[in-house]
Amino acid sequence: MNSSDPLLQPPRQAASSSEVSSARMTVDPSASFVVFLIGMRVNRWWMLPAIWAVAAAMTAMTSELLRNPDSGLLSQESYPGRTTLTVQYWRSLSDLQRYAHSKEQQHVPAWRRWIQRTGLSGAIGIWHETYVVGPGQHESVYHHMPAFGLGRALPRIPATGPLTTARGRLEFGAGQELAAA
């Protein structure tokens, strides 16, 4: 992104993630990042200790990541229910994989405990999906919204000029010739 263009400079971020911004914003379409979706599904409600153990492990892992800005985790949002969903935005695939395979951090020991105690019982299903997203492979817009989703993970910029439309954001991110809007 052309850092000398004043329209493309990151604005002052909202004072809090719940402060609604009336500006029409986007995220730099030339950014790259990883989206990691992870969660669990409760298959047997009566096995509360197993449910609580998995939830506690996930909470501990999340706390560990959020305490360490160098972990590569940019942001996350969680949604409860019978099938839970946590959406995480990571700086890179190598950051995510480094955390997933580190024996010194919470994930590997938690995964081993889950397999030994609960994993084979079917009481809880565990799932995840990983998406590696490159420049020009994403676009976003936030209007009358607080910092949310990718706009919470990465700096928001004004959705003006070539960034006004979804097509413009995708073309700009891919480094293609911009069509007149």
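Using +1 at the C-beta of Lys and Arg and -1 at the C-beta of Asp and Glu, which of 39, 68, 88 has the Cα lying farthest in the positive direction of the dipole of segment 21-181?
Among 39, 68, 88, the one farthest towards the positive end of the dipole of segment 21-181 is 39.
At a 10 angstrom cut-off on C-beta neighbours, averaged per residue, how do the peptides 108-114, 128-134 rank from highest to lowest?
108-114, 128-134
Given the DSSP H assignment, sum -39500 (n - 2.57) over each helix run of at least 4 residues in the chain and divide by its residue total; what's the result at 222 nm in deg cm²/dmol, nearest 500? Working shown, then result.
Values: 5 runs with 50 residues, N = 181.
Rounded to the nearest 500, it is -8000 deg cm²/dmol.
In Å, what is the Rg of the alpha-carbon atoms in segment 47-109, and how long is Dmax?
12.4, 36
(1) 59, 30, 27; (2) 63, 49, 29; (3) 46, 39, 36: which one is Cα extents along the principal axes in Å as calculated from this entry?
Recomputing Cα extents along the principal axes in Å here picks out (1).
Please identify the helices of the chain, taking whole runs of DSSP H, that span at least 24 Å along their own axis as judged from the Cα atoms and have a mean Kyte-Doolittle score of 0.0 or higher. If you can, show how the numbers build up before the last one.
Details: long enough: 48-67 (28 Å, 1.10).
The qualifying helices are 48-67.
So, with +1 on the Cβ of K and R and -1 on the Cβ of D and E, and no other charges, what is the size of the charge dipole of the chain about its Cα centre, to the nearest 20 debye?
For the chain, the charge dipole is close to 740 debye.
Only the coordinates and a few stated rules stand behind these numbers; no lab work does. No experiment lies behind these values; they were computed from the predicted model shown. Neighbour counts are summed over all protein chains in view; Cβ atoms, including those assigned to glycine, are modelled from backbone coordinates with ideal geometry.
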